1. Just give me the residues in the stretch 137-152 being in contact with a Lys or Arg (Cβ under 7 Å, 6 or more places away or on another chain) and either part of a strand (DSSP E or B) or farther than 19 Å from R72 by Cα (or both), in sequence order.
2. Does the stretch 115-131 hold any residues that are in a helix (DSSP H, G or I) and either closer than 10 Å to G94 by Cβ or touching a strand residue (DSSP E or B) at 6+ places or on another chain (Cβ under 6 Å) (or both), and which are they?
3. For the stretch 1-32, enumerate the residues that are of a type in the set (D, E, K, R) and in contact with a Ser or Thr (Cβ under 7 Å, 6 or more places away or on another chain).
4. What are the residue pairs meeting all of these: first residue in the stretch 3-22, first residue without any contact (Cβ under 8 Å) to a residue 40 or more places away in the chain, second residue open to solvent by 30 Å² or more (accessible area, probe 1.4 Å) and part of a strand (DSSP E or B), Cβ atoms under 9 Å, and 6 or more apart or on different chains?
5. Could you tell me how many of the residues in the stretch 87-100 are of a type outside the set (V, I, T) and buried (at least 17 other Cβ atoms within 10 Å of the Cβ)?
6. Being over 30 Å from A141 (Cβ atoms) and open to solvent by 30 Å² or more (accessible area, probe 1.4 Å): is that true of V45 here?
7. I'd like to check something: does the stretch 11-29 contain any residue that is of a type in the set (K, R) and crowded, with 17+ Cβ neighbours inside 10 Å?
8. What residue, of A80, A41, A84, is in contact with a Leu (Cβ under 7 Å, 6 or more places away or on another chain) and more than 14 Å from V152 (Cα to Cα)?
Amino acid sequence: MQLTPSKFFVTSGRATSQVSDLNAFDIALLKARISEQNLVAVSSVIPVDAQLIDICELPMGAVTHCVLSQMRGRDGESIAAGIAYTFRQDGKGGYVAEGHLHGSAESLKTELGRKMKEMSRIRNVEFGEIHYVTADLMIPADEFGCCVAALVFADYR
């Protein structure tokens, strides 16, 4: 059986917790509206004719494929997580790059742009406009923090 995604959405969230980085991660997923799914990380290919849709509700507990970036930290650290996605100019699908770092969303966008440029180069394929979805956070003292960004596959053909 092959699952070929036909629809996807992009989302992000950030959060802090006084308890743990796991709780910060959970809250960040909640803010990104993907906390009630069983997330399965997949790599970076957007199928031909897959359509970008608005964030939609998915069934609780659904096995949900996504390209997920996360960054956790604590105590005054600056963190960022994000994805970049684009489509091939020849119409044969697209690609996603994920990244995370200690620093700002702007620094992360630069890194993601370099990754996308390399993906284009090694495939010898021209990409269209690159879209970025990022979250960044300066974590308060004595707290844990997490940023997430994801491209989530929402339907299959």
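The values are calculated or read from the model by the stated rules, or taken from the named source; none is laboratory data. Computed from a predicted model, the values in this text were never measured in an experiment. As a convention, Cβ positions derive from the backbone with ideal geometry for all residues, glycine included, and neighbour counts pool all protein chains shown. The accessibility values were calculated without ligands, DNA or RNA, using every heavy atom of the protein model including side chains. Shrake-Rupley method; radii C 1.70, N 1.55, O 1.52, S 1.80 Å.
1. L137, F144, G145, C146, C147
2. K115, M116, M119, S120
3. D26
4. L22/R72; L22/F144
5. 8
6. yes
7. Looking through the stretch 11-29, at least one residue is of a type in the set (K, R) and crowded, with 17+ Cβ neighbours inside 10 Å.
8. A80 is the lone residue from the list that is in contact with a Leu (Cβ under 7 Å, 6 or more places away or on another chain) and more than 14 Å from V152 (Cα to Cα).
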